[in-house]
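Q: Here's a structure for you.
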Amino acid sequence: MQLTSEQPQSLPILGLSVDILPNYPQWLATQIAQGQGVHVVTLNAEMTMQARISPELAAVIQQAELVIPDGAGVVMHFRLRGRKIDRCPGIELATSLLHTSVQQQPWSFCFFGGEPGVTEKAAHKWQQQLPQVNIIGTQHGYIVGEEMDGFCQTLQQQQPQVIFVGLGVPRQEFWIAEHRHLCPHSVWVGVGGSFDIWAETKTRAPGWLRDNNLEWVYRLYQEPWRWRRMLALPHFAWCSFLDTLR
């Protein structure tokens, strides 16, 4: 695989910025080859609105080395301005990294997050699909105190090259920012509920919904308790519209 040193183009969005690249996995492969630590934030409308009321979250996003356009709302924000960009869902980026890793000397991965048993099942599914994949550690997200201290010590000893953290937004962003010093040369990616999809404890929206930017409808159908959080979507659309007028 040809590596690239091309630098991301940064585009502003409601006080934050999104990084645009033709090939995110290829760029991250270059960073891994060079031992450059990267925090990848998968930005969507909900996270953008949370950052508007949380200076701490906004600071974490702004300090991340790579912010990708995960949500349909982010893509529509730029299309209102005449700029067509492609959506890059975090689960698809993470999947691409797993596939990319086995095309050369396999990178080492760690899965952290989800309910007990989920990361282990997700890792098992991937090892069935890609026998060469090198997943050196899994840990569910329901740990505190001495268990967390032990996991952090293991992480520091193993130094996985890619660490997927699925603790939900914004907890995973804060956790990465607080702990990335343990593995300063690693790529850290907040992957939300990706472990559940890989473990097949939940299903992803059908392709036709994803293609029409309606994945959020399926998510609301699966988890109706999220309706309050989904109110961020019309709020984001209104703020984006006002920003466009300005």
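The values are calculated or read from the model by the stated rules, or taken from the named source; none is laboratory data. Quick caveat: nothing in here was measured; it's all calculated off a predicted structure. Using ideal geometry, Cβ is built from the backbone for each residue, glycine included, and neighbour counts are taken over all protein chains shown.
Q: Applying the selection to the stretch 72-112, what residues are under 11 Å from the mean Cα position of the chain (by Cα) and of a type in the set (A, V, I, L, M)?
A: Within the stretch 72-112, I91, L93, A94 meet the criteria.
Q: Then there's this: Which of the residues that make up the stretch 14-32 are touching a residue at least 60 places away in the same chain (Cβ under 8 Å), surrounded by fewer than 21 Cβ atoms within 10 Å (Cβ to Cβ) and outside any helix (DSSP H, G or I)?
A: L14, I20
Q: Please specify each residue of the stretch 176-192 satisfying the condition of being within 13 Å of the chain's Cα centre (by Cα) and either outside any loop (DSSP other than H, G, I, E, B) or at pLDDT below 90 (or both).
A: The initial filter retains those residues of the stretch 176-192 that are within 13 Å of the chain's Cα centre (by Cα), namely 176, 187-192.
Listed by number, the residues that qualify are I176, V187, W188, V189, G190.
Q: Only one residue in L233, L245, L214 is surrounded by 12 or more Cβ atoms within 10 Å (Cβ to Cβ), at pLDDT below 95 and either in contact with a Pro (Cβ under 9 Å, 6 or more places away or on another chain) or more than 22 Å from I61 (Cβ to Cβ) (or both). Which one?
A: L214
Q: Among the residues of the stretch 155-177, count how many are under 21 Å from A94 (Cβ atoms) and without any contact (Cβ under 8 Å) to a residue 24 or more places away in the chain. Steps first, answer last, please.
A: Here is the first cut: in the stretch 155-177, the residues under 21 Å from A94 (Cβ atoms) are 155, 158-177.
With the extra rule that they be without any contact (Cβ under 8 Å) to a residue 24 or more places away in the chain, the set shrinks to 171, 175.
The number of residues fulfilling the criteria is 2.
Q: If a residue has to be modelled with pLDDT of 95 or more and over 20 Å from L155 (Cβ atoms) to count, how many in the stretch 101-126 make the cut?
A: So the count comes out to 3.
Q: While we're looking at this one, here's another question. With (1) within 21 Å of L98 (Cβ to Cβ); (2) modelled with pLDDT of 95 or more as the list, and E147 as the residue in question, which single condition is left unmet?
A: In the conditions (1) within 21 Å of L98 (Cβ to Cβ); (2) modelled with pLDDT of 95 or more, E147 misses (1) alone.
Q: Is there a residue in the stretch 66-78 that is charged (D, E, K, R) and out of contact with any helix residue (DSSP H, G or I) (no Cβ under 6 Å at 6 or more places or on another chain)? Give the steps one after another, and end with the answer.
A: Here is the first cut: in the stretch 66-78, the ones charged (D, E, K, R) are 70.
Going one step further and asking which of them are out of contact with any helix residue (DSSP H, G or I) (no Cβ under 6 Å at 6 or more places or on another chain), we end up with none.
No.
Q: Further, regarding this structure: Kindly indicate whether F195 is part of a helix (DSSP H, G or I), in contact with a Ser or Thr (Cβ under 6 Å, 6 or more places away or on another chain) and in contact (Cβ under 8 Å) with a residue 60 or more places away in the chain.
A: Values: part of a helix (DSSP H, G or I): yes; in contact with a Ser or Thr (Cβ under 6 Å, 6 or more places away or on another chain): yes; in contact (Cβ under 8 Å) with a residue 60 or more places away in the chain: yes.
Yes, satisfied.
Q: Looking only at residues in the stretch 152-174 that are hydrophobic (A, V, I, L, M, F, W, C) and surrounded by 18 or more Cβ atoms within 10 Å (Cβ to Cβ), which one is farthest from the chain's Cα centre (by Cα)? Before the answer, list the steps.
A: The initial filter retains those residues of the stretch 152-174 that are hydrophobic (A, V, I, L, M, F, W, C), namely 152, 155, 162-165, 167, 169, 174.
With the extra rule that they be surrounded by 18 or more Cβ atoms within 10 Å (Cβ to Cβ), the set shrinks to 155, 162-165, 167, 169.
Details: L155: 19, V162: 12, I163: 11, F164: 8, V165: 8, L167: 10, V169: 10 Å.
My answer is L155.
Q: If you don't mind, there's one more thing I want to ask. Within the group P69, P55, which residue is over 18 Å from the mean Cα position of the chain (by Cα) and at pLDDT 95 or above? Before the answer, list the steps.
A: Working: P69 fails: over 18 Å from the mean Cα position of the chain (by Cα).
None of the others qualify; the one that does is P55.
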